[in-house]
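Let me begin by presenting the structure, written as structure tokens, before commenting on it.
The values are calculated or read from the model by the stated rules, or taken from the named source; none is laboratory data. Please read these numbers as outputs of a predicted model, since none were measured by experiment. Neighbour counts are summed over all protein chains in view; Cβ atoms, including those assigned to glycine, are modelled from backbone coordinates with ideal geometry. For accessibility, only protein heavy atoms count, side chains too; no ligands or nucleic acids. Shrake-Rupley method; radii C 1.70, N 1.55, O 1.52, S 1.80 Å.
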Amino acid sequence: RMEYPMDMRTQILNQPPAFFNHGWVPAPPTLQAYREKLDAIPNTPIQNAEVHLPKGTLDFFTDGACWGPRDALTRLATWGVVVATPHITSDFSPIDSGLLPGRYQSVTRAELYAAIQALLFARRQQQPFRIWVDNQFVVRRLRSFLTNVSIEINVNKPNHDLLQQLLEVVQHTKHLCRGVIKVYSHQAQRS
């Protein structure tokens, strides 16, 4: 192990962070402004969707998407919720959609947020529902939260904040839930 004089150690510790290969990584000049914009995205639940809901069991379809998913600095995620409305001219009516609030943007977070928003809407409607989700991680969590009485969310795991929100809203809507269905999407068509 190489020993450096105390003043040299101080100089080294005060240097900007470096990659493992000792290459300096300059931050883009607009990065801070971009992060501030992400932090300013409102976290507002669906208020009053203007949808003529069918009688009986509601079928919610949720989805999340991410632009630039491989670039942690600039990726941007969106979410959406629709309800099946075969009783009117369109098969589906949008409930709400938008940008994922917060600095941490990923498709998994968008999928979780969409499921939370669908359940919050179902809670306000107090109508039986099924939720259709194409993300296996979210499907597993929803099913687990519906069947397990005592679950603790590990705060050291990714997405713990949204998982905690999902757990809480599931606890308030499980009496209305008639099923969590996995939608198989993004599959290649077979001839």
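Just a few scattered comments:
- For residue 119, the conditions (1) open to solvent by 50 Å² or more (accessible area, probe 1.4 Å); (2) in a helix (DSSP H, G or I) are fulfilled apart from (1).
- Boolean, residue 131 is open to solvent by less than 70 Å² (accessible area, probe 1.4 Å), assigned to a loop (DSSP other than H, G, I, E, B) and closer than 16 Å to residue 167 by Cα: no
Condition check ((1) within 23 Å of residue 132 (Cβ to Cβ); (2) among the aliphatic types (A, V, I, L, M); (3) at pLDDT 65 or above; (4) outside any helix (DSSP H, G or I)) across all residues:
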position	(1), (2), (3), (4)
1	no, no, no, yes
9	no, no, no, no
12	no, yes, no, no
20	no, no, no, yes
33	no, yes, yes, no
53	yes, yes, yes, yes
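- Of residues in segment 135-170 being modelled with pLDDT of 95 or more and acidic (Asp, Glu), the one least open to solvent (accessible area, probe 1.4 Å): 161
- Filter result for residue 182 (without any contact (Cβ under 8 Å) to a residue 60 or more places away in the chain and open to solvent by less than 90 Å² (accessible area, probe 1.4 Å)): yes
- Check on residue 88, surrounded by fewer than 20 Cβ atoms within 10 Å (Cβ to Cβ) and either in contact with a Pro (Cβ under 6 Å, 6 or more places away or on another chain) or of a type in the set (A, V, I, L, M, F, W, C) (or both): yes
- Of the residues making up segment 69-85, at least one is over 30 Å from residue 157 (Cα atoms), touching a strand residue (DSSP E or B) at 6+ places or on another chain (Cβ under 7 Å) and modelled with pLDDT under 90.
- Residue under evaluation residue 174, criteria (1) within 25 Å of residue 50 (Cβ to Cβ); (2) among the charged types (D, E, K, R); (3) open to solvent by 60 Å² or more (accessible area, probe 1.4 Å), criterion not met: (1)
- Residue match in segment 103-117 (condition: modelled with pLDDT of 95 or more and of a type in the set (D, E, K, R)): yes
- Residue in segment 46-55 that is more than 19 Å from residue 96 (Cβ to Cβ) and either touching a residue at least 12 places away in the same chain (Cβ under 8 Å) or not polar (S, T, N, Q) (or both) present: yes
- Among (1) open to solvent by less than 50 Å² (accessible area, probe 1.4 Å); (2) modelled with pLDDT of 90 or more; (3) more than 24 Å from residue 175 (Cβ to Cβ), the one test that residue 97 misses: (1)
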